Amino acid sequence: MTGRPEAAPARVRWSRVAPALALATAAFVVCGALGLWQWNRASEQGEVRSPDPAVPIAAIVEPASNAGPGIGRAVWTEGEWADEDVALVPDREVDGEAAVLVVRAFRVSADASGTGQEATLPVIVGWLAPEDVDAFDTAAGQASRVEGYLQSSEGAAPVAPPEQAPPDGAFWSSGLSPAVLAQTWESPLYSALLASSEAEQGTRALPSPEPECSLDFRSLTYALEWWLFGAFFVFISARWIRDNGRAAPASDAAAAPDEPHGGSA
């Protein structure tokens, strides 16, 4: 009994495969580059939304209440600096430099708090380099109004204070936590802090919040379309190469024996 001869492996038709690969690669590169160009245009032409104008703090948050969506909003309020020690928050970093944040207690007037009672607002008035702490003057200046943006508070995790003694009229705070500050300052306190838009004399200014940007929707759509076109070209080329890129094996190409036609003699 004779077996059927084993079929030879299919031969790659490079004369067909090479042009298809070159066409798919070119389409992928061109569509990808055009999509990236449109993406960059979407970023550059997107609208830069200016922050909302400052509003009274009573319109955003009340003392001892959750600031919630008010975080990041620009606010202002009226009152005066409280006769309280200054909180120094060590081991921070601002613009890549080691920093000590300076936080003062601002006593919001009863008319401005929204509750009819005075309240204490923690205000970050600036920051110091660690080597400048000893020379810092803790005496508060005169102010009847403060303005800035609301910043969320931190947890009251216990942290060992620095070995360096704070200057007179100041104390080390383990974090930007009203729960920690309430142990020294008069209650009620706001649950959020105010990052002052102007640095206090003798301190360095905090960085301004980055503006919010939105993408240009039309250019973004064009970018996605170009990338879809590129993916479609690659898919079609792969299918075409799979179906037409190999020659039939020699055994299959050979003509099969003719079968008898008709009935027996």
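Just so it is clear, none of the values below were taken in a lab; they were calculated from the coordinates. Keep in mind the model is a prediction, meaning the values are calculated, not measured. Note that we place each Cβ from the backbone using ideal geometry, even for glycine, and neighbour counts take in every protein chain shown.
Data for the structure
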quantity: Among 177-188, 161-172, the order from most to least packed when residues are scored by Cβ within 10 Å on average; calculated: 177-188, 161-172
quantity: Estimated distance in nm for a label pair at residue 25 and residue 40, the labels positioned 7 Å out from Cα along Cα-to-Cβ; calculated: 2.4 nm
quantity: Value of Rg to Rh for region 108-244 (Rh from inverse mean 1/r over Cα pairs, i.e. Kirkwood); calculated: 1.33
quantity: Computed FRET value (nearest 0.05) for residue 111 with residue 83, which takes r as the C-beta separation and R₀ as 22 Å; calculated: 0.65
quantity: Amide H within-cut-off set for residue 106, under 5 Å, with H built and near neighbours excluded; calculated: 82, 121, 123
quantity: Region 189-198 - phi-based ³J(HN,Hα) in whole Hz, Karplus 6.51/-1.76/1.60, Gly and Pro as x; calculated: 10, 6, 7, 10, 10, 9, 8, 5, 6, 10
quantity: Potential lengthening between residue 18 and residue 238 on full extension [0.36 nm per residue; Cα-Cα distance subtracted]; calculated: 78.0 nm
quantity: Inter-label distance for residue 179 and residue 134, nm, one decimal - labels placed 7 Å from Cα along Cα-to-Cβ; calculated: 3.5 nm
quantity: Stretchable slack from residue 64 to residue 186, in nm (0.36 nm times residue separation minus alpha-carbon distance); calculated: 42.7 nm
quantity: Nearest-0.05 FRET efficiency for residue 76 and residue 163, computed from C-beta distance (R0 45 Å); calculated: 0.70
